[in-house]
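The values are calculated or read from the model by the stated rules, or taken from the named source; none is laboratory data. Keep in mind that what you see is a predicted model, and the values were worked out from it rather than measured. FYI the Cβ positions are ideal-geometry reconstructions off the backbone, even for glycines, and counts take in every protein chain you see. SASA here: full protein model, heavy atoms, side chains in, ligands and nucleic acids out. Shrake-Rupley method; radii C 1.70, N 1.55, O 1.52, S 1.80 Å.
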Amino acid sequence: MSGLFAALSAGLAWIGAIIDPLCGPAGVFRWFGSGTLLACGDAGWGDEIAHGFLVTASLAVATLPVGLVIGFFVALAKQSEEKSLRLAGNIYTTIFRGLPELLTLFIVYYGLQILVQQFLATVGYEGAVEINAFVAGMIALGVVFSAYCSEVLLSAFKAIPHGQYEAGDALGLHRGKTMRLIILPQLIRIALPGLGNLWMALLKDTALVSVIGLPDILRQTGIAARVTKHAFEFFGIACVLFLVLAMISSVVFSALERSTKRAEAGR
Amino acid sequence: MSIAETMIPPQAPPPAPPKPYTFSRFFGSVALGIWLALGVGIFLTVVNGWDPEKFSRYGPSFLSGLGVTLTLVISSILMGAVLSLPVALGRMSKNRLWGWLAYAYVYFFRGTPLITQLFLIYYGLGSFRPQLETVGLWWFFRDAWNCALFTFTLNTAAYQAEILRGAIESVPRGQREGAAALGLPERVAFFKVILPQAMIVALRPYGNEIILMIKGSAIVAIVTVFDLMGETRRAFSRTFDYQMYIWAAILYLLMVELLRNIWGWLEARLTRHLKR
């Protein structure tokens, strides 16, 4: 079994190395950066920054489903008829929308560490515990994302007329099936612009995770800047890389919006 | 055929059927229970770990950090508002060059993380030290506080310019034409007709922007400015007491919620003529 995983991860790493946009065979740094500080390999910082780029992108991509799922359920809770559920959902959004992302990150990072340490101490293990920065970042950013996401989805839910649910009932559809076949497609279409904004914010918030030591774009460029004393160039590159990520996502989102809009054409 | 001779005496309505114990009720109780347990747990840790000595030592520094955060946010918002005017005008101008420049400015500052911009200015401008010294600006960029203020002003100016532009463009064209038909000069029309209506649209986004700045200002702690977050980090690194973060969280939540409520009141007050 472990052999299979090793083979899989090796294969993934190989594919990643091929399609790497910065240091791959067709990478930007490979072609235009050789001989400069951005050369790939041991001569320059290109491959380190490329790795940071990958970490930032994968953190954002890994956080998105977590945030979306939690946000969906919090939105459901906030529009339910049950008072206690609504209250619980509102407390959730109030807290996580009001806290600075950096503070949430620290609270999750150190808090998880303390919790795990206490838990292990009761089991009988004594020793230092390191929480994975990627996981801590994923939890903290996912929680913040879900708090905003629940608001976006809630307003999208409110935009769907009640007749749609009744139509589902009239067709004899199950509650879950009504949600899946009738409500969700419309919900996505209405909520997509708001979710696009949230995704951009998430992408920018991932830069904060460098503070707890995850080797993302900002941390790698920061290390390079400290070592080479070319701070402006390297932080400029970090800015450009974030801009590239933002541009790619805006292209993807406008394509998504167009494809969801197809359903309402001809009205 | 029989006729009813007496009225049926009034009766109490039948008792409401007992509420069914649904899944959502169960989940609601569970969720509230979790929040309650968390609240009580935090309260207990604060009470158990209460140390008057720590409070007297770090309490004032927390307050000074709060002051630094508020000063930073308020001054950068105000200066950003001033700077956002030319940017918004540039975004709306018909001149290709100005429009493009303003667009590039806004795109850069909205498309990159605030922390990257801060690093670019605080660490990055350090590599231009000789040039800055000859211009006589080095004393300004040497100080972390100045750099933070500068970055935040530039950043919020980009966001505020977009808010302003969106609000001004949301005013229907008929308003402008109406003012022109009344013979109002363009300047008067702008300040007395367009801007008041635009500001009502812009009110809520401005509030959100201030909240975003309060939350975003926490990152100046990383470049050695001792704002609320910086004081928290300092206190935590000396005591290893997790409570410090809880206190900071409470202070930040208080700030944001207070502002949100004030803004809600302000909006209700300013739009009372639009209520039907």
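See the values below:
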item	result
Crossing angle, helix A:46-78 versus chain A [Cα axis fit, 0-90 degrees, rounded to tens]	20 degrees
Long-range lysine pairs (8 or more apart or interchain), segment A:39-260, Cα under 30 Å	8
For chain A, built as a Gaussian network whose Cα springs stay under 10 Å, the top-fluctuating residue of A:200, A:247, A:138	A:247
Span-like helix ranges in chain B, DSSP H, alpha carbon extent 18 angstrom or more, Kyte mean at least 0.5	B:23-48, B:52-92, B:195-216, B:243-270
Cα centroid of segment A:75-120 to Cα centroid of segment A:192-206, whole Å	19 Å
Hz values of 3J(HN,Hα) by residue in segment B:182-188 - Karplus curve (6.51, -1.76, 1.60), Gly and Pro given as x	7, x, 6, x, 4, 5, 5
Mean projected area in nm² (Cα convex hull; one quarter of hull surface) for segment B:91-142	4.8 nm²
Rg [Å, one decimal], Dmax [Å, integer] - segment A:217-267, C-alpha atoms	18.4, 60
Inverse of mean 1/r across different Cα pairs in the protein assembly as shown, Kirkwood, Å	26.9 Å
Debye intensity ratio in log₁₀ form over the Cα atoms of chain A, taken at each q of 0.08 Å⁻¹	-0.45
Heavy-atom accessible area ranking, 1.4 Å probe, most first, across A:110, A:92	A:110, A:92
Within-12-Å neighbourhood charge of residue B:99 [Cβ basis; K, R +1; D, E -1]	+4
Accessible area of the protein assembly as shown belonging to carbon and sulfur atoms, whole % at 1.4 Å probe	68 percent
Cα principal axis extents for segment A:61-100, largest first, Å	34, 21, 9
Surrounding net charge for residue B:47, when Lys and Arg each add one and Asp and Glu each subtract one, Cβ distance under 15 Å	-1
Proximal aspartates and glutamates to residue B:215, defined as alpha-carbon separation beneath 14 angstrom and excluding residues fewer than eight positions away on the same chain	A:101, A:205, B:227, B:257
Peptide B:22-29 - average C-beta neighbours from other chains (10 Å radius)	5
Distant-in-sequence amide H partners of residue A:39 (H built 1.01 Å from N, under 5 Å)	A:44, A:45, A:46
Probe 1.4 Å, all protein chains present, accessible-area order of B:34, A:95, largest first	B:34, A:95
Per-residue SASA entry for residue B:206, accessible area with 1.4 Å probe, Å² rounded to 10	50 Å²
Degrees separating the helix A:133-159 axis from the principal Cα axis of chain A, which is the longest one	30 degrees
Accessible area buried between chains B and A, both sides summed, probe 1.4 Å, in Å² to nearest 100	3600 Å²
Nearest-ten-degree value, helix A:184-205 long axis tilted from longest Cα axis of chain A	30 degrees
Most mobile of B:56, B:217, B:170 in a GNM of chain B (Cα contacts under 10 Å)	B:56
Two-decimal Rg/Rh across segment B:60-267, once Rg and the Kirkwood Rh are taken from alpha-carbon atoms	1.06
5 angstrom amide H check on residue A:22, placed H, neighbours 5+ away	A:28
Candidates B:137, B:203, B:66: whichever shows maximal mean-square fluctuation once chain B is modelled as a Gaussian network with Cα springs under 10 Å	B:137
Across chain A: Cys residues that no other cysteine approaches within a C-beta distance under 4.7 Å	A:149, A:239
Averaged over A:237-244, number of beta-carbon atoms from partner chains that fall within 10 Å	5
Cβ-based net charge around residue B:237, under 15 Å, with every Lys or Arg adding one and every Asp or Glu removing one	+3
5 Å-binned pair-distance histogram of segment A:52-200 (Cα, whole percent)	2, 9, 14, 17, 16, 14, 11, 8, 5, 3, 1, 0, 0
Equivalent ellipsoid, segment A:114-267 (semi-axes from 5 times Cα gyration tensor eigenvalues, Å)	41, 27, 9
Alpha-carbon centroid distance for the pair segment B:1-55 / segment A:124-178, whole angstrom	25 Å
Per-residue [θ]222 nm for chain B (sum of -39500 (n - 2.57) over DSSP H runs n ≥ 4, rounded to 500)	-25000 deg cm²/dmol
Over segment B:60-267, relative contact order from alpha-carbon pairs under 8 Å, at least 6 apart, %	29 percent
Cα centroid separation, segment B:172-248 to segment B:79-117 (Å)	16 Å
